[in-house]
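The values are calculated or read from the model by the stated rules, or taken from the named source; none is laboratory data. Keep in mind the model is a prediction, meaning the values are calculated, not measured. All Cβ positions, glycine included, derive from the backbone under ideal geometry; neighbour counts span all protein chains shown.
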Amino acid sequence: MRRLGLLLLLGIAAVGAFAAWLDQDLSVPYRRYKGESVIVDIPHGMGRWGIASLLAKNRVIRSRIAFEFYSHWHHRRALQAGEYLFQGPMTERQVFWKIAMGKINVISVQIPEGWNMFDIADELQREKLCTREDFLRVARDPAPILDIAPHAQSLEGFLFPSTYLFARHTPPDEIAATMVREFRRVWSNLNPDLAIGPTTTPSLEDTVTLASLVERETPLESERPLVAGVFYNRLHRNYPLQCDPTVQYALELAGRPTQIVRHADLRVDSPYNTYRSPGLPPGPIANPGEASLRAAIDPAKTDFMYFVANDSGGHFFSKTLEEHNRNVAKYRRRLTSDAIGDTSKRALRD
């Protein structure tokens, strides 16, 4: 009996010691953590012991045994797959609940106004969210917007520019769907009364296309209704829009992107080339923001028919071709003067 009692006492002491150790291990942050940010990617289907081993290997937790015990105490709480960012010492309890609550690492992606789907694809690849090809494959499928844009050829124009938070393993179709949902939200708030030209029926697609041209033509929000008004006037009088960004888009589609449109580029054979093809291009050339959408919905009432860039980030507007040609010459003289000035400054420095 004495031996049995002694064994019982030893067993109780051992259980108590283990409980004390476990509580200590679970309650004290891991002090061997070096302070650098650690990213742990937990794959789908990994079991609790595998997750504990992965965390211990990355020195996020002290003891895989303690984490395993605590995890089994809360067996009803699933540990969620995903990428987790650890930026400081944490207790095993804190690590467990971070993973159980699915507080995965998210990546902030900023999509500026006026980017096209190719720009977005490049950015997503830079952020290692998906490959350029995978996103473009999704963006070329207009299915998610055919209910509101039945003639759309892609998601171009409907990938709303904003700042988004995505988890590392977000599929490209979910990324695109998030951007389209944001477009729908903004569009529903605008509640437009559409009218592009006297002979067209109300069309969301035409409005978004016009807005994309406005977005690419001017960075100044104050100018956008005026630019939209010029395009409206040219459409009304059956003038070609002669919009350089449409030529850039035609070249992008042809696999020959360019930042500068040269005279030879104006001859590119494409329905997006508004120097050769009348009316609006067959679809948006970029993804416009809210200000450009508003400008396309409610363009300025103006007699202007032309505009050309000035040297302060805006444009000279004119009513006649003669006046427009004078503005073009003025702009070219300023460019030449600036170039001569820069050359003189370099000569003085040399």
Could you check region 152-172 and list, in sequence order, the residues that are more than 22 Å from LYS103 (Cα to Cα) and either surrounded by 15 or more Cβ atoms within 10 Å (Cβ to Cβ) or assigned by TED's automatic domain parsing to the domain that holds ASN287 (or both)?
ALA152, SER154, LEU155, GLU156, GLY157, PHE158, LEU159, PHE160, PRO161, SER162
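Restricting to region 216-226, name every residue that is in contact (Cβ under 8 Å) with a residue 12 or more places away in the chain, within 17 Å of SER312 (Cα to Cα) and either in contact with a strand residue (DSSP E or B) (Cβ under 6 Å, 6 or more places away or on another chain) or assigned to a helix (DSSP H, G or I) (or both).
ARG216, GLU217, GLU221, GLU223, ARG224, LEU226
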Residue check: is PRO284 crowded, with 22+ Cβ neighbours inside 10 Å, in the same structural domain as ALA211 (by TED's automatic domain parsing) and part of a loop (DSSP other than H, G, I, E, B)?
yes
Taking region 288-321 as the region of interest, how many residues are under 16 Å from LEU220 (Cα atoms) and modelled with pLDDT of 90 or more?
11
Does PRO278 meet the test of being farther than 20 Å from ASN116 by Cα, free of Cβ contacts under 8 Å to residues at least 60 places away in the same chain and either out of contact with any helix residue (DSSP H, G or I) (no Cβ under 7 Å at 6 or more places or on another chain) or not in a helix (DSSP H, G or I) (or both)?
yes
Residues to consider are ARG64, ARG93, ARG59; find the one that is at positive phi, outside the structural domain of THR170 (by TED's automatic domain parsing) and surrounded by 13 or more Cβ atoms within 10 Å (Cβ to Cβ).
ARG59
Condition set in contact (Cβ under 8 Å) with a residue 40 or more places away in the chain and in a helix (DSSP H, G or I), scope region 120-149, selection nearest to ILE285 (Cα to Cα): answer is ILE120
Failed condition for SER222, given (1) more than 30 Å from ASN310 (Cβ to Cβ); (2) at pLDDT below 95, with all others met?
(1)
For THR207, are the conditions met, namely being in a helix (DSSP H, G or I), touching a helix residue (DSSP H, G or I) at 6+ places or on another chain (Cβ under 8 Å) and either of a type in the set (S, T, N, Q) or at pLDDT 95 or above (or both)?
yes
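Residue-wise test of (1) touching a helix residue (DSSP H, G or I) at 6+ places or on another chain (Cβ under 8 Å); (2) at pLDDT below 55.
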{"site": "ALA14", "(1), (2)": "no, yes"}
{"site": "SER37", "(1), (2)": "no, no"}
{"site": "GLY45", "(1), (2)": "no, no"}
{"site": "SER53", "(1), (2)": "yes, no"}
{"site": "ALA56", "(1), (2)": "yes, no"}
{"site": "VAL60", "(1), (2)": "yes, no"}
{"site": "SER63", "(1), (2)": "yes, no"}
{"site": "GLN80", "(1), (2)": "yes, no"}
When every residue in region 116-151 that is of a type in the set (Gly, Ala, Ser) and more than 25 Å from THR258 (Cβ to Cβ) is compared, the one surrounded by the fewest Cβ atoms within 10 Å (Cβ to Cβ) is ALA143
